[in-house]
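The values are calculated or read from the model by the stated rules, or taken from the named source; none is laboratory data. Keep in mind it's a predicted model, so treat the numbers as computed, not measured. Every residue, glycine as well, gets a Cβ built from its backbone with ideal geometry; the counts of neighbours run over all protein chains shown.
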Amino acid sequence: MSSERTEDPTPRRIKEAREEGSIAYSREVNAAAALLIGAWMLQILGRRMMTDMEGLMRTSIASLSRFNSPSIEVGGAWLRDIAAAALRQIGPTVVLFVGSLLLVGVVVSVLQTGLLFAKKKLGFDFKRVNPAQGLKRLFSMHGLAELVKSILKLVVIGWTAYGFLKSHQGELMSMSLMDYRSALELWGGLAVGLSTRVAGVYLVLAAADYAYQRWQHKKSLKMTKEEVKEEMRQREGDPHVRGRIRRERMKLAQSRMMAQVPEADVVITNPTHLAIAVKYSPEDMGAPVVLAKGADKLAERIIETARDHRIVVKQDIPLAHAIYNSVEVNQEIPPELYLAVAELLAYVYRLEGRQN
């Protein structure tokens, strides 16, 4: 059971896959967007393209009258003139049309993948050109799914195009009876209508394919329970190392705490199980502060250190428990304990002959 990939991918797993170029991506979305924008641009630029083509034809026919000899050199000069005229007259429109499609392709790709640069994809991978691996992919479940998608796409788009053309059959038949300009305008309108209809259906199929690609990608990144545990161990470190670091930190904290005991005014005990070192300076503090506290062995060390520095050690079981359970080291005594601590400090000051 532990070898089954049942766990959702962790953020680290998703990040590593992304760095390797493994992302949810649908080429159908790019193709559908390009087809839709292409139909839209054709509708906008169609009349301009028609005018440019007419101008190019006129230029081509007019340029023939300037060449009388049918030699190869003359033919080459005529072709050069036509090419130059084509660049001048229809070049800007073609560049605008093709540039729009390229821009849409880039934008749609970025929307799907984000700004991704996978260095590992740039290297040569023998598996990509290995015939055995290619056949394995072809006859895998993924290959079967791609085949089913291609057939479905062909059937749906083909049926959509057939339905559109059948509904305009009469207009198509009448094109042979029209003049050149009317026939060209009708053809352009039908081309835009067909492209828009097919692009709309294709966009629905592309959205479904993108959802499938996201599901398939997430499924491919699923992890076993052992992989999740191993990643957690790598992220947090070895448990033994963490334990040793934690112990060292505790020792360091205890050392700093014990260094503050000689500054205390009184050590409150329980009598030997708990010890709390308390200090109060009216000039610097708003309330008494716990400098150190500990239980059992640590309590014994606090008491011993206090006696070595001639600090009063006073037994008060309820107060010791209250402070030990509610106040951390270097924190002030809470207001509900002010009276009890004040009485204790007054007792200490009387012993030492100090004024409070």
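The single condition among (1) at pLDDT 75 or above; (2) in the same structural domain as Y210 (by TED's automatic domain parsing); (3) over 30 Å from A199 (Cα atoms) that R48 does not satisfy is (3).
Taking each residue of the range 313-340 that is more than 20 Å from M285 (Cβ to Cβ) and assigned by TED's automatic domain parsing to the domain that holds T272 and looking for partners that are β-branched (V, I, T) and in a helix (DSSP H, G or I) with beta-carbon atoms closer than 7 Å, six or more apart or interchain, yields V313/I303.
Just checking, does the range 119-131 include any residue being surrounded by 11 or more Cβ atoms within 10 Å (Cβ to Cβ) and at pLDDT 60 or above? No. Under the condition of being under 17 Å from I317 (Cβ atoms) and either modelled with pLDDT of 90 or more or buried (at least 22 other Cβ atoms within 10 Å of the Cβ) (or both), the residues counted in the range 270-289 number 5.
Is it the case, given these coordinates, that V261 is without any contact (Cβ under 8 Å) to a residue 60 or more places away in the chain and surrounded by 14 or more Cβ atoms within 10 Å (Cβ to Cβ)? So V261 passes the test.
Based on what the data block shows, is L291 closer than 15 Å to V266 by Cβ and part of a helix (DSSP H, G or I)? When the stated conditions are applied, L291 does not pass them. Scanning the range 265-288 for residues that are in a strand (DSSP E or B), within 15 Å of V327 (Cα to Cα) and aliphatic (A, V, I, L, M) yields V267, I268, L274, A275, I276, A277, V278. Considered as a group, the residues in the range 142-197 that are outside any helix (DSSP H, G or I) and surrounded by 11 or more Cβ atoms within 10 Å (Cβ to Cβ) include one that is farthest from the chain's Cα centre (by Cα), and that residue is M178.
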